[in-house]
Structures are given as structure tokens and as C-alpha cells.
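*Asks:* So that we are looking at the same thing, I have put the structure below in C-alpha cells.
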Amino acid sequence: MIVGCPKEIKPQEFRVGLTPAAVHELASHGHDVLIETAAGMGAGFSDDDYVAAGATIIATAAEVFERADMIVKVKEPQAIERKMLRSGQLLFTYLHLAPDPDQTHDLLASGCTAIAYETVTDRNGGLPLLAPMSEVAGRLAPQVGAWTLQKANGGRGVLLGGVAGVSPAKVLVIGGGVVGTQAAKVAAGMGADVTVLDRSLPRLRYLDDVFGGVFKTGYASAAATAELAAQADMIVGAVLIPGAAAPKLITRAQLSDLKPGAALVDVAIDQGGCFETSRATTHQDPIYEVDGIMHYCVANMPGAVARTSTLALGNATLPFVVALANKGWQQACADDPHLLNGLNIHAGQLTNHAVGVALNLPVVSPDLTLKAVA
């Protein structure tokens with residue numbers, strides 16, 4: 001198979017879909033790998049690194065898309081990239097289709113087969129290709145939130161850990177999954193007074209057993225969320241429903257109940273955001289104010305630490321990339337129902353139920369799709 005990896009073009013996105021180690025692995029299985037020139041520079045990988053691993057360096061993204069059977073990326077294809085996709089081509093990347101009807105319609109029109117990192121599952125019900133970036137984003141959230149809280153940035157002017165004789169900041173983390181757990185660990189490590197809310201009692205018991213004394217936990221009822229949000233200096237939105245649009249946890253009307261200059265960090269912004277007033281921002285212009293409340297809603301947070309993120313993501317995606325290249329997507333998905341869960345689009349048909357509900361589009365079962373092309 002010819003596997004192509006273009007340079008990411010989303011603003012301030014420095015990650016890359018394939019590492020030199022991944023190229024070496026694919027080449028060892030007899031596949032040809034095309035890397036757009038300078039694709040890995042933002043993550044610290046030179047063209048020479050890729051050549052040494054067995055790749056061919058290609059001058060333009062257009063040629064990569066034209067020649068490759070499978071495109072491996074990090075972020076969802078941008079409008080100009082979607083025009084380069086073709087019928088029968090395989091796309092393997094993050095998609096986050098639920099809040100993005102334009103991308104969804106373009107991918108359907110292209111005729112490509114699109115497998116989304118964020119809906120691939122594992123035997124434990126987890127999301128193995130989302131987890132590494134969730135870890136990174138979760139650990140970054142208190143860091144960027146602390147910066148947002150600085151007075152020069154419009155925040156409350158509160159130091160997360162306080163100092164002797166001055167109480168630490170109160171941090172509310174809504175969602176006790178991978179993002180929320182990592183955010184709570186780091187915020188507590190910075191000295192903040194942290195509470196994590198979740199609606200899963202087993203998850204709350206787990207967090208209490210493992211982290212009891214490090215941070216507090218609570219049940220995420222609407223009343224408890226509103227009460228603790230009003231007391232918080234920073235709120236981290238960390239709720240994800242696989243494939244679906246994120247639920248709105250704090251409404252615009254509730255902003256008037258928050259402390260002036262409080263910081264909202266929306267880690268769910270890729271899925272539409274979990275605060276009603278959230279809108280996607282960039283690393284270049286990351287924060288904005290609504291009703292006196294500061295919002296940090298960067299849609300590719302892990303891109304800020306591109307080398308760490310690329311290596312972490314590459315470790316997770318490599319087995320799937322190799323399986324897809326070795327077997328083709330049909331056989332790879334037939335052999336692995338968890339990879340089949342990643343199938344979002346095939347030949348002009350939507351195959352993810354949550355996306356269909358979010359966008360009010362008809363959906364075909366991925367199992368039926370697989371049988372139809374067998």
C-alpha cells in the first residue's frame with residue numbers, strides 16, 4: 001500500500017501523522033510511505049529522519065493526496081484538503097464530525113472511506129486513540145487556565161496555588177474521565193483546591209480510592225454543578241460523549257453567577273464545546289471574554305507540545321496504521337470490531353450513529369457497510 005502523510009495546515013498545528021519510527025515499521029512490511037516535505041519539522045523530525053527510515057519526500061500535499069492509497073493525519077482535513085480526497089481513498093485521522101456539518105458533507109461527497117481516531121474503541125470500552133491526546137490536553141488545562149487567570153490576560157489575578165496566608169484558587173473539573181483526571185492531578189499538584197464532578201458512581205469511587213486526599217469528588221447534578229461553579233476561579237470542561245456533540249454544562253445565563261474574571265477552559269471544544277458560550281480559538285489568539293468571564297477554547301491544545309503529542313499519538317495509532325496497510329480497511333475492520341467502530345464514512349454514506357443524530361443525517365450500520373463491500 002502507498003501511505004501518505006501531508007503536513008498539517010490547521011493554524012498553529014505542529015504535530016504530524018507519522019513519526020520516522022512509524023515509517024520504518026511500515027517500510028519493513030513492504031509499504032511505500034510518502035511524506036510531504038517539512039511535515040515533521042514542528043515536532044522535531046527532519047526530512048532526513050524520514051528518508052533514513054525509508055520514506056520518500058514529496059514536494060506538495062497535492063501529490064501526496066494524488067498518489068496515496070491511505071492518508072494518515074492528525075487533525076480533521078481542512079477544506080482545501082477535502083477537495084483532494086477521492087473515491088476509494090482511505091483517510092485515518094481525528095475527524096470530530098458531530099459539530100462540523102461542512103466537513104461531514106464534503107467527506108460524504110468525496111466518496112472516501114474515513115476512519116476517525118476518536119471513535120475507535122478497545123475491549124474495556126475506552127477510546128485508545130483519543131486517550132493520549134486527552135492526557136496531554138488534561139495536563140495542559142490547568143497550565144493554560146492559570147495563565148488565563150493572570151490579570152494581564154483579563155483574569156481574576158489569582159495564583160493557582162496561593163501563598164502562605166492566602167487561600168489557593170478553587171478549580172472545578174466537570175468530567176472524571178481521562179481529561180478530567182489528568183487536569184485534576186496537575187491542578188492539585190500546583191496547589192489548587194480541586195473538585196471533580198462526574199455522573200458515574202463507579203468512576204467517582206475509583207477516583208476517591210486512588211486520589212482521595214489529592215482532590216475532592218462530587219456527583220454532577222445540575223444543582224451541584226451550578227453551586228460549585230459559582231465558587232470556582234477556574235472551571236475545566238472535560239465531558240465527552242464518543243462521536244457526539246458535547247453537552248452544554250454551563251449556560252450563558254449562568255455566567256452572571258460566576259466570579260468576575262473566572263477562567264473557563266473547554267477541552268471538549270473539538271466536539272462543539274461543553275459551555276454554551278464556547279467557540280473555537282487558536283494558539284495564536286486563545287482567549288476571549290463573555291460577560292466578564294474568560295474563555296480558553298483552543299481546538300488543538302496538544303499541538304502546543306507537538307513533539308510530546310506526536311510521539312504519544314504515534315505510539316497509539318501505529319498498530320492500527322500497520323493493520324490497515326497490511327490488510328486493507330475491510331479485512332482490518334472485519335478482524336477488529338473496535339477498529340470498525342472508528343468507521344465514520346464510506347462511499348458517500350455516514351456510518352456513525354452519534355454523528356447522524358447530531359447532524360440529522362441518515363446512517364448506515366458499519367457492519368452492513370462492511371458486508372456490502374466484502
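Values quoted throughout were computed directly from the atomic coordinates according to the rules given, and no laboratory measurement underlies them. Because the structure is predicted, anything quoted here is derived from the model rather than measured. Here the Cβ positions follow ideal geometry from the backbone for every residue, glycine too, while neighbour counts run over all protein chains shown.
*Asks:* So what are the ³J(HN,Hα) numbers for segment 167-172, from phi and the Karplus equation (6.51, -1.76, 1.60; θ = phi - 60°), rounded to whole Hz, Gly and Pro as x?
*Replies:* These are the phi-based 3J(HN,Hα) values: 5, x, 5, 8, 10, 10 Hz.
*Asks:* Say the dipole of the chain comes from +1 at the beta carbon of Lys and Arg and -1 at that of Asp and Glu; which of Ala354, Ile80, Ala53 then lies farthest toward its positive end?
*Replies:* After comparing all options, I get Ala354.
*Asks:* Towards the positive end of the charge dipole of segment 131-299, with charges on Cβ (+1 Lys, Arg; -1 Asp, Glu), say which of Pro286, Pro132, Gly213 has the farthest Cα.
*Replies:* The residue sitting most towards the positive pole is Gly213.
*Asks:* About the Cα centre, and with charges only on the beta carbon of Lys, Arg (+1) and Asp, Glu (-1), how big is the dipole of segment 131-299? Nearest 20 debye, please.
*Replies:* 140
*Asks:* Moving to a separate point now. Hey, in the GNM for the chain with a 10 angstrom Cα cutoff, which one of Ala141, Ala253, Ala62 fluctuates hardest?
*Replies:* Highest fluctuation among the options: Ala253.
*Asks:* If I build a Gaussian network model for the chain, linking alpha-carbon pairs within less than 10 angstrom, which residue out of Ile80, Ile287, Ile58 has the largest mean-square fluctuation?
*Replies:* Ile80
*Asks:* Next question, about the same structure. Over the chain, how many pairs of lysines fall under 19 Å by alpha carbon, counting only those 8 or more apart in sequence or from different chains?
*Replies:* 15
*Asks:* Kindly identify segment 152-309 as rounded, prolate or oblate by the Cα gyration tensor criterion: order the square roots of the eigenvalues as a ≥ b ≥ c, call it rounded if a/c is under 1.5, otherwise compare a/b with b/c, prolate if a/b is larger, else oblate.
*Replies:* Cα axes put segment 152-309 in the rounded bin.
*Asks:* Hey, if you put +1 on the Cβ of every Lys and Arg and -1 on every Asp and Glu Cβ in the chain, which of Val178, Ala192, Ala332 ends up farthest toward the positive end of that dipole?
*Replies:* Ala192
*Asks:* State whether segment 1-105 is rounded, prolate or oblate according to the following rule on the C-alpha gyration tensor (a ≥ b ≥ c being the square roots of its eigenvalues): a/c under 1.5 gives rounded; otherwise a/b larger than b/c gives prolate, and the remaining case gives oblate.
*Replies:* Cα axes put segment 1-105 in the prolate bin.
*Asks:* Provide the descending list of Cα extents for the chain along its principal axes, expressed in whole angstroms.
*Replies:* For the chain, the Cα extents along the three principal axes come out at 64, 44, 38 Å.
*Asks:* Enumerate the helices in the chain for which the Kyte-Doolittle hydropathy averages -1.0 or more and the C-alpha atoms extend at least 20 Å along the helix's axis, using complete DSSP H runs.
*Replies:* Passing helices, by number: 131-148, 306-335.
*Asks:* Peptides 258-265, 341-348, 119-126, 146-153: what's the order by average Cβ count within 10 Å, highest mean first?
*Replies:* 258-265, 341-348, 146-153, 119-126
*Asks:* Let me ask you something else. What is the magnitude of the charge dipole of the chain about its Cα centre, with +1 placed on the Cβ of each Lys and Arg, -1 on the Cβ of each Asp and Glu, and no other charges, expressed in debye to the nearest 20?
*Replies:* Its charge dipole is roughly 620 debye.
*Asks:* Sequence-distant or interchain residues sharing an amide H contact under 5 Å with Ala220, placed H: which?
*Replies:* Here the answer is Asp198, Arg199, since their amide H atoms fall under 5 Å of that of Ala220.
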